[in-house]
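What follows is a single structure, written as structure tokens, with notes after it.
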Amino acid sequence: QSTWGNIRPPQMPFTPQQQESLELLKSLGQDHVFSKWPAEGTDDDKKAKLLDQVTKLNSEYPGGLAAYVDNAKRLLRESCLGINPFDGYSPFVPEGVRLTVQTPEFEAAEKIGMENVAGACFVIVAGGLGERLGYSGIKLGLPSDITTETTFLHLYCLSVLALQDRARKLTGDNKLELPICIMTSGDTNDKTLQLLEENNYYGVRSQLTIVKQEMVPALTNNDAHFALLDDGFTIETKPHGHGDVHTLLHSKGVVKKWVSEGRRWVCFLQDTNGLVFRALPAAIGVSVQNSFAVNSLAVPRRPGEAVGGIMLLKHNDGNEITLNVEYNQLDSLLKSAGKSGDTADETGFSPFPGNINVMVFELNSYANTLERTNGSIPEFVNPKYADAAKTTFKKPTRLECMMQDYPKLLPVTERVGFTQLDRWLSFSAVKNNVDEAAAKFKSTGVAESASSGESDLYALPRRLLANIGCQVEVEAAPVEYAGIPTVSGAHVVLFPSFGTTVTEIQRRFPSPQKVQISARSTLIVEGDVVIDSLQLDGTLIVKAGPQTQVVIRGLKVNNAGWNFKPISKSDPFAEKYQIRGYVLEKKEQEVRAFSTPGEFVCYC
């Protein structure tokens, strides 16, 4: 039945489906979308294209656009009234495990994690471009470091393949593959596919699944009116948030397939955290030890830091939930519960672990929850109001959902916890352009830029080696690039094939007191290599091919090496260098590459 009443609908040569979409717009109070259309015969193709867009948007959102508008009106009304989503809740420190490297507890968790990694699956949430970084490509295509030019996607694939190699040896199953799923968006899908195809899928094609996140209409006011682009014939759309990953994994049958294959754990990763795979084995181990349905990898959180805190929230009615609370809500929640706010405890950090959006789910629990809920994560809206009455927005908003809100779907019987590890081992965000990073460093001491992320990648192996007695400076004097003070020191790149865990990496240096690496050096190691004794002052590259074992013994290297050369914004260098403020200057290097299967000892 028509919803037009006494209003005459536009009479155009529309298809039945397009006419249905026009009726839908009217029924949802979206008359403004077509009210200024010119007469028939003018821009008919544009009108038809808009209605096709409506058809697509209606098919992509669970429950269609009617459900989207209803949800939007409710959430916008609650936002306008200032309703507190945490009303009635009191925060407590949740159940979890805090681990420190080189302790029996850490080593036990890491060992158990590696014993169970054969059942792991990996999901990379990669719906964003690098625009905020000043990089026009996808963030997965950004080099994690410019010493090796390894992109984040390549690094992640190498890490999974290295874990897979260890799992094959542990299980005796030489055909075992660890699945990878990447969630893309309309912004990143084509570029992600192009990057994969140009690089032969980094060797993971047979185990890779890609699911594409769709967009939702942008909203201009509290009546949930759809925003139009300047052309007047396109509904403005925005990402729905990374919480869509759960809906997609369910609707595309990915989780069901993993369950049928006997998988056990799902690891969710962000797209530019180059350190994360050094921490994942221990996190999987903690999940096994504690039977966690959901385990959030976390770091010590500084009070006031723009990082959410993981809390156990207990309601007045007796219900409770362990959940991430966003940093801009955390202080007020604590104060409303009669506490002193976002302050430090005796450790100097917040008692609430810092959320880094890396999670390990138990697969069967996850599958059952998705089957029951379709993976629809509770939404929120965050309009920026232009007036005190909260009637107009500064810019269009949209409904969003967050991956880390998944525990809201769980029954109370499921265990939700955290694994806290030192930040240097597990987390380094890469998200700010050089100007924003410089300003943030001045105010917080943390830049979260491409240069700081790269610096952290080199610092992790330096710290691991120093911890066991190698002669290497962990942190040399900072060097400023593009206005950002960046920790310097030897550029040490230990590829995942060299070592996947802290324990494995450290065991590859059996005589650490015989290893010397100067602060100006570059060391790149790939493959099955043991470094027994080495004096390095310059650049050394060691590569061991498949079925090749190499021992470095008594090797002394002294050459001009490689170093970073500062650049300015006016210099004609590619974006991947401009967002760092430096390029790599290669002067001299020594390469020891072994491709023939067998065992080799490399001397001076």
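Residues checked against (1) touching a strand residue (DSSP E or B) at 6+ places or on another chain (Cβ under 9 Å); (2) open to solvent by less than 10 Å² (accessible area, probe 1.4 Å); (3) not charged (D, E, K, R):
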site	(1), (2), (3)
Phe441	yes, no, yes
Ala450	yes, yes, yes
Tyr458	yes, yes, yes
Asn467	no, no, yes
If you go through the stretch 96-118, how many residues are open to solvent by less than 80 Å² (accessible area, probe 1.4 Å) and either within 25 Å of the chain's Cα centre (by Cα) or modelled with pLDDT of 95 or more (or both)?
16
Under the condition of being aromatic (Phe, Trp, Tyr) and more than 19 Å from Gly128 (Cα to Cα), which residue from the stretch 266-297 is surrounded by the fewest Cβ atoms within 10 Å (Cβ to Cβ)?
Phe277
Which ones in the stretch 475-501 are surrounded by fewer than 22 Cβ atoms within 10 Å (Cβ to Cβ), of a type in the set (Val, Ile, Thr) and under 28 Å from Gly285 (Cα atoms)?
Val493
If you check Lys335 against the conditions, is it open to solvent by 60 Å² or more (accessible area, probe 1.4 Å) and touching a strand residue (DSSP E or B) at 6+ places or on another chain (Cβ under 7 Å)?
no
Only one of (1) closer than 22 Å to Phe226 by Cα; (2) open to solvent by 20 Å² or more (accessible area, probe 1.4 Å); (3) touching a helix residue (DSSP H, G or I) at 6+ places or on another chain (Cβ under 7 Å) is not met by Pro383, so which one is it?
(2)
Restricting to the stretch 147-204, name every residue that is farther than 30 Å from Lys565 by Cα, modelled with pLDDT of 95 or more, assigned to a loop (DSSP other than H, G, I, E, B) and among the β-branched types (Val, Ile, Thr).
Val204
In the stretch 558-589, anything open to solvent by 80 Å² or more (accessible area, probe 1.4 Å), of a type in the set (D, E, K, R) and out of contact with any strand residue (DSSP E or B) (no Cβ under 9 Å at 6 or more places or on another chain) is listed as Lys569
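Here's the yes/no breakdown for (1) without any contact (Cβ under 8 Å) to a residue 24 or more places away in the chain; (2) closer than 21 Å to Leu275 by Cβ; (3) open to solvent by less than 50 Å² (accessible area, probe 1.4 Å):
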position	(1), (2), (3)
Ser159	no, yes, yes
Arg166	no, yes, yes
Asn174	yes, no, no
Pro179	no, no, yes
Asp187	no, no, no
Thr192	no, no, yes
Given (1) in contact with a Gly (Cβ under 8 Å, 6 or more places away or on another chain); (2) modelled with pLDDT under 95; (3) within 27 Å of Ser488 (Cα to Cα); (4) not polar (S, T, N, Q), index of the condition Tyr135 fails:
(1)
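Provide a single number: the residues in the stretch 79-95 that are buried (at least 20 other Cβ atoms within 10 Å of the Cβ) and assigned to a loop (DSSP other than H, G, I, E, B).
Of the stretch 79-95, the ones buried (at least 20 other Cβ atoms within 10 Å of the Cβ) are 89, 91, 94.
From what's left, assigned to a loop (DSSP other than H, G, I, E, B): 94.
The number of residues fulfilling the criteria is 1.
Taking the options Leu193, Leu161, Leu170, name whichever one is at negative phi and in contact with a Phe, Trp or Tyr (Cβ under 9 Å, 6 or more places away or on another chain).
Values: Leu193 fails: in contact with a Phe, Trp or Tyr (Cβ under 9 Å, 6 or more places away or on another chain); Leu170 fails: in contact with a Phe, Trp or Tyr (Cβ under 9 Å, 6 or more places away or on another chain).
Only one candidate qualifies: Leu161.
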Are there any pairs, at least 6 apart or on different chains, whose C-beta atoms fall under 8 Å, with the first in the stretch 13-41 and under 22 Å from Asp230 (Cα atoms) and open to solvent by less than 60 Å² (accessible area, probe 1.4 Å) and the second among the acidic types (Asp, Glu) and assigned to a loop (DSSP other than H, G, I, E, B), and if so, which?
Gly29/Asp223; Trp37/Asp43
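Here is a list: Phe393, Phe418. Which entry is hydrophobic (A, V, I, L, M, F, W, C), assigned to a strand (DSSP E or B) and under 30 Å from Ile284 (Cα atoms)?
Working: Phe393 fails: under 30 Å from Ile284 (Cα atoms).
Only one candidate passes the filter, namely Phe418.
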Subset of the stretch 238-273 (residues that are assigned to a helix (DSSP H, G or I), farther than 15 Å from Thr209 by Cα and in contact with a strand residue (DSSP E or B) (Cβ under 8 Å, 6 or more places away or on another chain)):
Asp244
Extreme residue, most open to solvent (accessible area, probe 1.4 Å), among residues of the stretch 42-55 that are in contact (Cβ under 8 Å) with a residue 40 or more places away in the chain and within 26 Å of Ile377 (Cα to Cα)
Gln53
List pairs: first residue in the stretch 382-403 and within 14 Å of Asp223 (Cβ to Cβ), second residue of a type in the set (D, E, K, R) and open to solvent by 70 Å² or more (accessible area, probe 1.4 Å) anywhere in the structure, Cβ distance under 7 angstrom, at least six positions apart or on different chains.
Phe393/Lys384
Among the residues of the stretch 246-265 satisfying the criterion of being under 17 Å from the mean Cα position of the chain (by Cα) and surrounded by 24 or more Cβ atoms within 10 Å (Cβ to Cβ), which is nearest to Phe292 (Cα to Cα)?
His246
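Kindly provide the set of residues from the stretch 368-380 that are assigned to a helix (DSSP H, G or I) and open to solvent by 20 Å² or more (accessible area, probe 1.4 Å), ordered by number.
Step one: list which residues in the stretch 368-380 are assigned to a helix (DSSP H, G or I), which gives 368-373.
Correct list: Asn368, Glu371, Arg372, Thr373.
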When the residues of the stretch 211-238 are filtered to those that are under 23 Å from the mean Cα position of the chain (by Cα) and farther than 19 Å from Asn374 by Cα, which remaining residue is surrounded by the fewest Cβ atoms within 10 Å (Cβ to Cβ)?
Lys238
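Report the residue count in the stretch 219-237 for those that are part of a loop (DSSP other than H, G, I, E, B) and either in contact with a Ser or Thr (Cβ under 6 Å, 6 or more places away or on another chain) or within 30 Å of Asp173 (Cβ to Cβ) (or both).
Selection size over the stretch 219-237: 1.
Collect the residues in the stretch 309-323 that are under 19 Å from Phe427 (Cα atoms) and either open to solvent by 30 Å² or more (accessible area, probe 1.4 Å) or at pLDDT below 95 (or both), keeping them in residue-number order. Please lay out each step first, then the result.
Taking the stretch 309-323 first, the residues under 19 Å from Phe427 (Cα atoms) are 309-310.
Scanning the stretch 309-323 gives no hits.
Of all the residues that make up the stretch 30-66, how many are part of a loop (DSSP other than H, G, I, E, B) and modelled with pLDDT of 95 or more? Let's see the steps before the verdict.
Here is the first cut: in the stretch 30-66, the residues part of a loop (DSSP other than H, G, I, E, B) are 30, 34-43, 61-63.
Checking which are modelled with pLDDT of 95 or more leaves us with 30.
Of the residues in that region, 1 qualify.
The values are calculated or read from the model by the stated rules, or taken from the named source; none is laboratory data. Just so it is clear, the structure is predicted and the values come from calculations on it, not from any experiment. Using ideal geometry, Cβ is built from the backbone for each residue, glycine included, and neighbour counts are taken over all protein chains shown. Side chains included, ligands, DNA and RNA excluded: accessible areas come from the protein's heavy atoms. Shrake-Rupley method; radii C 1.70, N 1.55, O 1.52, S 1.80 Å.
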